[in-house]
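The values are calculated or read from the model by the stated rules, or taken from the named source; none is laboratory data. Worth saying up front: this structure is predicted, and the values here are computed from it rather than measured. As a convention, Cβ positions derive from the backbone with ideal geometry for all residues, glycine included, and neighbour counts pool all protein chains shown. In case anyone asks, the SASA skips ligands and DNA or RNA and just uses the protein heavy atoms, side chains included. Shrake-Rupley method; radii C 1.70, N 1.55, O 1.52, S 1.80 Å.
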Amino acid sequence: MEDLTLTLTLLLLVAAFMAGFVDSIAGGGGLITVPVLLLAGFSPVEALGTNKLQGLFGSGSATVAYARKGHVDLKAQLPSAALSAIGSAFGAILATVIPGELFRAFLPFLLVAIALYFAFKPNMDDIDRARRLSPFLFGLLIVPVLGFYDGVFGPGAGSFFMLAFVALAGYGLLKATAHTKLLNFASNLGAFGVFALFGVISWKIGLMMGAAQFAGAQVGSRMAMKNGAKIIKPLLVITCMALAAKLLLDK
């Protein structure tokens, strides 16, 4: 689907900018872009595929911004990024066969639980804490599972990565955000490759939204690095609650 009215095109661009901004800080950009793509008339699988294309620009933009300031070591995280991409690719293959609605039954409750965890857990700041899993086990056991989820369904994946980095890897919020964006970029890339092979991507709209996502992510990542946990924590809580509410209302 390529022919859209000017109003719908502008709506998609604004949504992409907002998604890039929010996603670069707390994840949940798909909460904004996927519904707008569906509203524009895209089929569910085409909306997912196009969302992965434009999401590459946002997550890639944020990843570069965080890496430039030393918040994530890209070279050291390449194995985890590869596992995230592989898991996402398998998820995307499944998404072309089985509707992602299967996740809707329990996902809202998980998102509420994540919001409550970040809202009420003490010492939720930018300081690293004791880790519960070694980097090797974290990359081997957690990353591909979350990448798979991102490929098959998507919304909330950034929040799940954030929770894993904070609760299991012991990262502070800013460091967790930076690493989440890298693995989100990798999972977007893996799913994008599969959706592209199946021909379910609207390239024109995806690239236009991608430019807006890139700009939004630049603004959001800079704000996150400037304010750290002070902005990441409340926005993460709000994003999780908003996504949970939307999924419940859509039932």
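Available extension along the chain between Ala119 and Leu39 is 25.6 nm, counting 0.36 nm per residue and deducting the alpha carbon span. Summing Cβ point charges (Lys, Arg +1; Asp, Glu -1) relative to the Cα centre of segment 15-133 gives a dipole of roughly 280 debye. Solvent-accessible surface of protein heavy atoms, probed at 1.4 angstrom with all chains present, puts Asp126, Asp73, Asp150 in the order Asp73, Asp126, Asp150, largest first. Loop-located chymotrypsin sites (Phe, Trp or Tyr not before Pro) across segment 163-250 with a Cβ neighbour count of 16 or fewer within 10 Å are Phe198, with loop assigned by DSSP. Only protein heavy atoms count here; on that basis, with a 1.4 Å probe, Ile93 has an accessible area of about 80 Å².
Among Phe138, Leu56, Phe148, flag the residue with its Cα farthest along the positive direction of the charge dipole of the chain, charges on Cβ as +1 for Lys/Arg and -1 for Asp/Glu. Comparing the listed Cα positions along the dipole, Phe138 ranks first. Seen from Gly216, the other residues with C-beta closer than 15 Å to its C-beta sum to a net charge of +1, counting Lys and Arg as +1 and Asp and Glu as -1.
Helix-only arithmetic for the chain: the sum of -39500 (n - 2.57) across DSSP H runs with n ≥ 4, divided by the residue total, places the mean residue ellipticity at 222 nm at -24500 deg cm²/dmol. Going by accessible surface with a 1.4 Å probe and the largest first, Met225, Met162, Met208, Met18 read Met18, Met208, Met225, Met162. Consider all pairwise Cα distances in the chain and report the whole-number % of them above 26 Å. Above the 26 Å cut-off, the chain has 31 percent of its Cα pairs. When +1 charges are put on Lys and Arg Cβ atoms and -1 charges on Asp and Glu Cβ atoms, the dipole computed for the chain relative to its Cα centre reaches about 740 debye. For the chain, the longest principal axis of the alpha carbon atoms and the long axis of helix 203-227 meet at an angle near 20°. Taking each of Lys69/Lys204; Lys121/Lys226; Lys52/Lys121; Lys204/Lys230 in turn, the alpha-carbon distance tops 27 angstrom for Lys69/Lys204; Lys52/Lys121; Lys204/Lys230. Projecting the alpha carbon convex hull of segment 50-136 along each direction and taking the average yields 8.1 nm².
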